Structures are given as C-alpha cells and as structure tokens.
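Enquirer: The structure's right below; bear with me while I get my questions together.
The values are calculated or read from the model by the stated rules, or taken from the named source; none is laboratory data. The model shown is predicted, which means the values in this text are computed figures rather than measured ones. Reconstructed Cβ throughout: ideal geometry from the backbone, glycine too, with neighbour counts over all protein chains shown. The protein model used for the area step is the full one, side chains on, heavy atoms only, and it has no ligands, DNA or RNA in it. Shrake-Rupley method; radii C 1.70, N 1.55, O 1.52, S 1.80 Å.
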Amino acid sequence: MNLTSRQLKAFTAVARLGSFTKAAEAVALTQSGLSLMLKELEAQLGTRLFDRTTRSVRITAAGARFLPVAQRTLAELESAVRDIGDMSDVENRRATVAVTPAMAAGILPAVLTSIANAYPHIEIHMKEADSSQIIALIDSGEVDLGVDAVVKSSPGITREVVGTFDMVYVCRDEFREVRFGGTAFSAEMDWADIPAAPLIGMSAGNPMQQIIDQRLMDLGRAIVQREAFSHLLTIVALVEAGHGAAILPAFVLPMCARFSVQATHLRRPSDSIDVYVARKSGRTNSEICTIFTEAVTLKLRSLVNAAAPG
C-alpha cells in the first residue's frame with residue numbers, strides 16, 4: 001500500500017466540507033483530479049469512502065472509521081515537518097569557528113561583537129585550536145569555519161584570503177618612537193638591520209616560521225633561535241620579559257598593545273602572510289559563512305590600514 005499525503009488531504013477535505021467542489025478548491029486541485037485521487041485511495045483501501053449522488057456526498061462507515069487515522073497521520077506529518085524546519089533554521093543561524101589563540105585574543109572578539117550587533121539572530125561560537133588542528137576540525141564537521149594564517153590547501157576545503165600582513169620585528173619596548181595603540185614601533189627597518197639577538201620562534205614546521213627562516217638564510221644570517229612555541233601570545237609575553245626578540249606577522253599588533261614591546265615593520269625585501277577563512281566545500285549554511293567572512297575581512301582591513309607605518 002502506498003498512501004500519499006495528498007490523498008489523505010483530499011480525503012479529509014471532502015469529509016470536512018461535504019463537497020467535492022469545495023474540497024478541490026481547498027487542496028488546489030481540479031474537481032476531476034480530486035475525484036481521481038480519491039478513486040485511487042479507495043482502490044488501495046479496497047472500500048468506498050463516500051456515497052456520491054448528484055446532490056450530496058456522504059461519508060461511508062468505512063470512511064468514518066478511516067477519517068481519524070488520516071487526520072492523525074497528517075497532523076503527525078505536519079508536526080514533523082515543522083520540527084525539521086525549526087532544526088534547519090537553528091542550524092542555518094548557528095556556526096562554530098575554530099581559531100588559534102592569537103586570532104582569539106586579537107581579532108575575533110571585535111568580529112563577533114560586530115556580527116552580534118548587525119545580526120542578532122546569528123549565533124557564532126569560538127573553539128580555540130592549534131593551527132595543526134583546524135583543518136581536521138573542519139573536515140570532521142566539528143566546526144563550520146576556521147580562521148588562521150597557516151591553513152593549508154586541502155581537498156574538500158575552501159579557503160578565502162581575508163587579510164594580508166607584513167612581518168614585524170618585536171623586541172622589548174626601550175624606544176617609544178611611534179605608537180600603534182599601546183605598542184611602540186619604529187616606522188620600518190630592513191631585514192638586514194635586524195640585531196644579532198636570539199629569536200624566539202614558532203615551530204620549524206609552521207609555514208610562517210619557514211618564511212622567516214628562509215628570508216634570514218637568504219641574507220646570510222645565522223638562525224640564532226631559542227625555544228619554539230605554538231602560541232604567538234606566549235612569544236610576545238616572552239619578548240616583554242626579555243627572553244629574546246621575535247619576527248611575527250603584523251596581525252599580532254593588537255595583541256602586542258597589551259605588552260611593553262616595540263614592533264618594527266620589516267621592509268626591503270618585503271614579505272607578507274595571508275590570513276584565511278576556511279570551510280568545508282559545499283556547506284549548506286553559506287549565508288552565515290558569507291556574513292562571518294565579510295566581518296573578518298572588514299576587521300582585518302581596518303587593522304592593516306591602522307598598522308601601516310606612516
């Protein structure tokens with residue numbers, strides 16, 4: 001037996017209205033289409049559901065017995081459809097974003113505030129993760145989006161550049177020449193002028209660290225480096241404490257504003273780091289992805305403009 005919801009709606013409409021003409025209008029069918037649909041339903045049930053005359057339509061005993069079953073089935077089906085629709089609405093307005101501690105500390109709070117003000121119906125939750133974990137979290141579906149500067153190209157992952165940053169040399173704040181927020185920095189310097197002091201770095205496998213090491217080697221500089229750390233916030237704190245200097249992307253400047261450090265833009269040659277928003281290809285909540293990506297892009301663009309040496 002293959003009963004359909006359209007058959008049940010047609011049957012209950014006729015039973016409620018007592019008229020094929022009125023029922024056909026109620027369920028948006030022609031009268032002949034409604035009659036054919038009911039004949040098919042009666043054939044599947046093996047009994048007549050209505051006694052028809054030229055002047056009246058009367059439900060049969062079998063029809064009266066079947067009516068509450070049909071009504072209950074339609075009610076349950078409509079309830080399930082509403083529940084699924086509500087679940088879909090919740091999913092389409094909620095997203096979880098994986099971010100590194102540096103992004104979580106320096107960029108994302110302002111982004112989330114701007115989205116909350118403009119789109120109060122959207123819920124975005126942060127999940128702090130190391131760079132090495134972000135792609136796996138996206139791929140597994142545990143998070144919807146990821147923000148980082150070292151998101152590698154991967155099958156099934158869509159990346160979008162949302163900001164491009166120069167590199168800065170970060171050292172203890174001994175000379176306050178120019179300020180960005182609470183951070184002092186000279187306007188710019190050449191890579192060749194970097195002092196021969198120990199550098200606190202990131203892990204050797206970090207793409208940002210690889211760019212830095214390659215640039216120093218190109219200049220014939222020996223890489224005098226202390227311990228490596230995965231969190232940029234830790235590196236900046238160690239610089240402030242006098243454990244060495246660091247070469248980092250300029251998106252750390254808001255984070256540096258909380259420490260007594262000096263950040264100098266590195267020019268000649270110029271190197272830059274891209275920041276990406278990544279998501280799984282084909283995600284259905286594309287609207288919230290678009291809103292989030294635009295908000296991050298605006299925030300990073302303002303940061304790039306503010307951080308540019310004058």
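Enquirer: If you go through region 254-273 one residue at a time, do you hit one that is outside any loop (DSSP other than H, G, I, E, B) and among the acidic types (Asp, Glu)?
Expert: no
Enquirer: Still on this structure, please answer the following. Filter region 131-147 for residues that are touching a residue at least 60 places away in the same chain (Cβ under 8 Å) and open to solvent by less than 10 Å² (accessible area, probe 1.4 Å); which is farthest from PHE251 (Cα to Cα)?
Expert: ILE138
Enquirer: Related question: Give the residues of region 22-60 that are part of a helix (DSSP H, G or I) and open to solvent by less than 70 Å² (accessible area, probe 1.4 Å), sorted by residue number.
Expert: Of the residues in region 22-60, the ones part of a helix (DSSP H, G or I) are 22-26, 31-45.
Those that are part of a helix (DSSP H, G or I) and open to solvent by less than 70 Å² (accessible area, probe 1.4 Å): ALA23, ALA24, ALA26, GLY33, LEU34, SER35, MET37, LEU38, LEU41, GLU42, GLN44, LEU45.
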